[in-house]
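A short worksheet on the structure shown next.
The values are calculated or read from the model by the stated rules, or taken from the named source; none is laboratory data. Keep in mind it's a predicted model, so treat the numbers as computed, not measured. With ideal geometry, Cβ positions are generated from the backbone for all residues, glycine too; neighbour counts draw on all protein chains shown. The accessibility values were calculated without ligands, DNA or RNA, using every heavy atom of the protein model including side chains. Shrake-Rupley method; radii C 1.70, N 1.55, O 1.52, S 1.80 Å.
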Amino acid sequence: RYSDTFLTNLANEAQRDIAINTYAVQRSTTLAIVSGQPKYQIPSYCFNILYLMREVSTTQQYLLSEVTREKISGDINGENLLVETSTSPFYYYVDRIGSYVYLYPTPSGVSSSSVTVVCNGISEDMSVDADIPFYSLEYSNGSDKLLYAYHDLIIKYIVYKISLLEGEIPTANMYKTEYVLGINSMFRVFNTQFLNQETPILNTLTKETP
């Protein structure tokens, strides 16, 4: 009745929605440091930077501290953003609009070193039946199996969407409610550090109420 492509697209849509609304998926990428270059592109799948770690060697690593643009530049308008240089950048600034990170002081005279960016990210799309939701993506303790318990949310999302298409409004409402409850539960599990800050629990799909 519905093609594999259609169902796979809905599953991938659910994966993206779950990742963005729960902050449960972590991804990382390595940026090669270039002497004289302060600005580095963040991968499009990153939507929230968690930390940067500089790798001087396989045995020498340290975390960089995030700072504001004003602290780096001394200019609220952002002019002359990085004016100092060093062989060892210790700070970074995230340009969330342009999806860049700036290293401070500007790297100078460095070679064979890199920075690892760890972020909350969006899962890779699935394409074949053998693909596993959130496959190869890890939570902070290094085990992607923590996400297995939430695979059913993808099914509930799909049933919700298809029920809407078929005009089965009571069924759609039921699965929507179960999906939103699951999202909220998942958010609590993966973001316990936020609960004492009165962070509002997420309520997804608010614009799609039948």
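Computed quantities for the displayed model
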| quantity | calculated |
| --- | --- |
| Residues of the range 15-33 satisfying the condition of being in contact with a strand residue (DSSP E or B) (Cβ under 8 Å, 6 or more places away or on another chain) and not aliphatic (A, V, I, L, M) | Y23, Q26, R27, S28, T29, T30 |
| Whichever residue in the range 1-48 is within 11 Å of the chain's Cα centre (by Cα) and either over 22 Å from C119 (Cα atoms) or of a type in the set (S, T, N, Q) (or both) and, among such residues, is least open to solvent (accessible area, probe 1.4 Å) | T22 |
| Among residues of the range 85-122, those that are part of a strand (DSSP E or B) and modelled with pLDDT of 80 or more, counted | 20 |
| Pair list, Cβ under 6 Å, 6 or more apart: the range 161-189 residue surrounded by 16 or more Cβ atoms within 10 Å (Cβ to Cβ), other residue assigned to a helix (DSSP H, G or I) and of a type in the set (F, W, Y) | A172/Y160; Y175/Y160; K176/Y160; Y179/Y157; Y179/Y160; M186/Y150 |
